[in-house]
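Chemist: Structure below; questions to follow.
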Amino acid sequence: IEIATAVREGANAYLWQQYKIVGIVFVVIAGLLAYMAFGMKVQSVWVPLAFLTGGITSALAGYVGMKTATLASNRTAAGAQKSLNQGLQVAFRSGAVMGLTVVGLGLLHTTVWFLILYSLLPKLGFAEMSLAEISVIMLCSGMGASTQALFARVGGGIFTKAADVGADLVGKV
């Protein structure tokens, strides 16, 4: 319990420090995109917001992944004390939770953006957009998510670190 608590505290400190730095980069990039949208008028005004929400969704997936991995690591170690099968079951199930969370958040984010752009905005009095315009905005959303994921990888790999925590604890047992 003591080791698991220390690992969770360290993982949270690492994650929040990383998100602070990445947040600054995101504000700068969103500012450039806003200038291109509002100042230069070369892209949709929804692009900066789509970029930010993509990054936030990806950061949320990283947070859930880190939380899941650090909570599952001590349970995996406890299961491994009883049998290898129990340890593997906990590790596999926690990995499945993370995988489904990433896919689910991505699908939810894409669906919400499409519904907003295709259905909601025209009902609120905004001009109807073509599917090509909607696709560009949604691609910028994906660019935000990918940028966040890239920084997470470069910053030490949230998901790799989380997997290492579980492996280290099982190895210690």
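Chemist: Note the direction-averaged projected area, equal to a quarter of the hull surface, for the Cα convex hull of the chain, in nm².
Modeler: If you wrap the Cα atoms of the chain in a convex hull and average its projections, you get 11.2 nm².
Chemist: Still on this structure, please answer the following. Which net charge results when you count Lys and Arg as +1 and Asp and Glu as -1 among the other residues whose beta-carbon is under 11 Å from that of residue 90?
Modeler: Spelling it out: positives minus negatives among the neighbours equals +3.
Chemist: On to the next question. Determine the distance separating the Cα centre of region 104-148 from the Cα centre of region 17-78; give it in Å without decimals.
Modeler: 16 Å
Chemist: Continuing with this model, one more query. What accessible area per residue, rounded to a whole number of Å², is obtained for the chain using a probe radius of 1.4 Å?
Modeler: Spelled out: the 1.4 Å probe surface of the chain, per residue, equals 59 Å².
Chemist: Helix 47-82 versus the longest principal axis of the chain: what is the Cα-based angle in degrees, 0 to 90, to the nearest 10?
Modeler: Tilt relative to the chain: about 10 degrees.
Chemist: Now for a separate question. Determine the share of the chain's accessible area contributed by carbon and sulfur atoms, expressed in whole percent, with a 1.4 angstrom probe.
Modeler: For the chain, the apolar C and S fraction of the accessible surface comes to 71 percent.
Chemist: What is the total of Lys pairs in the chain with C-alpha atoms under 28 Å apart, excluding same-chain pairs fewer than 8 positions apart?
Modeler: 9
Chemist: Please give the helix 158-172 orientation as an angle from the longest Cα principal axis of the chain, in degrees from 0 to 90, rounded to the nearest 10.
Modeler: 10 degrees
Chemist: Can you give the angle from 0 to 90° between the axis of helix 2-34 and the longest principal axis of the chain, with both taken from C-alpha atoms, to the nearest 10?
Modeler: 10 degrees
The values are calculated or read from the model by the stated rules, or taken from the named source; none is laboratory data. Computed from a predicted structure; not experimentally measured. Positions of Cβ are generated from backbone atoms using ideal geometry, with glycine treated the same way; all protein chains shown enter the neighbour counts. The area values use the complete protein model at the heavy-atom level, side chains included, leaving out ligands, DNA and RNA. Shrake-Rupley method; radii C 1.70, N 1.55, O 1.52, S 1.80 Å.
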